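The values are calculated or read from the model by the stated rules, or taken from the named source; none is laboratory data. Here the structure is a predicted model, which is why all the values come from computation and not from measurement. Every residue, glycine among them, receives a Cβ derived from its backbone with ideal geometry; neighbour counts consider all protein chains shown.
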Amino acid sequence: MGAQRRFARIAAFQALYMVEMGRKDLQEEGVRWEWLEEDNPILSQPELELMARNLLYGTLENLDSIDELIQKHSLHWQLDRISRVDLSILRMAVYEMCFAKSKSPPRVVINEAVEIAKEFSSDVSYKFINGVLDAIYQKNHVS
């Protein structure tokens, strides 16, 4: 199930990125997973779709607090200088670590964010994401 949970995280990250780029207003239309491949497990497994929806909407609902944590722990980087891909990954991971009701272990969340960054972002982004998330984990005693 762990590998399949990554599909839910990727779907939520992609939706967050689309919102960030102004291509989706999920508040109005609700999320549809039309960009996913037909064989993506979240399309056929309700628990994975629920996880993706919870990550997406939970992140959007807590955006100000999430951005505050990211800003505080991304030394010398303003949010507007962080790539939109990296920011979407960071936001989702911070939500899952700090705000989600059903929490995955923080180290799992950090590892998943790093792996998603390796797949979808630049060659060095995963290091930045790992550093910011680890700082949030260490300094906020996320459990």
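Tabulated data
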| quantity | calculated |
| --- | --- |
| Qualifying residues in the stretch 116-129 (those that are in contact with a helix residue (DSSP H, G or I) (Cβ under 7 Å, 6 or more places away or on another chain) and over 16 Å from L79 (Cα atoms)) - the one surrounded by the fewest Cβ atoms within 10 Å (Cβ to Cβ) | K118 |
| Qualifying residues in the stretch 39-59 (those that are acidic (D, E) and either farther than 19 Å from K101 by Cα or surrounded by fewer than 18 Cβ atoms within 10 Å (Cβ to Cβ) (or both)) - the one modelled with the highest pLDDT | E47 |
| Hits in the stretch 84-124 - residues which are at pLDDT 95 or above, farther than 14 Å from T59 by Cα and of a type in the set (S, T, Y) | S121 |
| Total residues in the stretch 42-72, condition of a type in the set (A, V, I, L, M, F, W, C) and more than 14 Å from R91 (Cβ to Cβ) | 6 |
| Residue selected from the stretch 60-103 under the condition surrounded by fewer than 18 Cβ atoms within 10 Å (Cβ to Cβ) and in contact with an Asp or Glu (Cβ under 8 Å, 6 or more places away or on another chain), by the criterion farthest from R5 (Cα to Cα) | L79 |
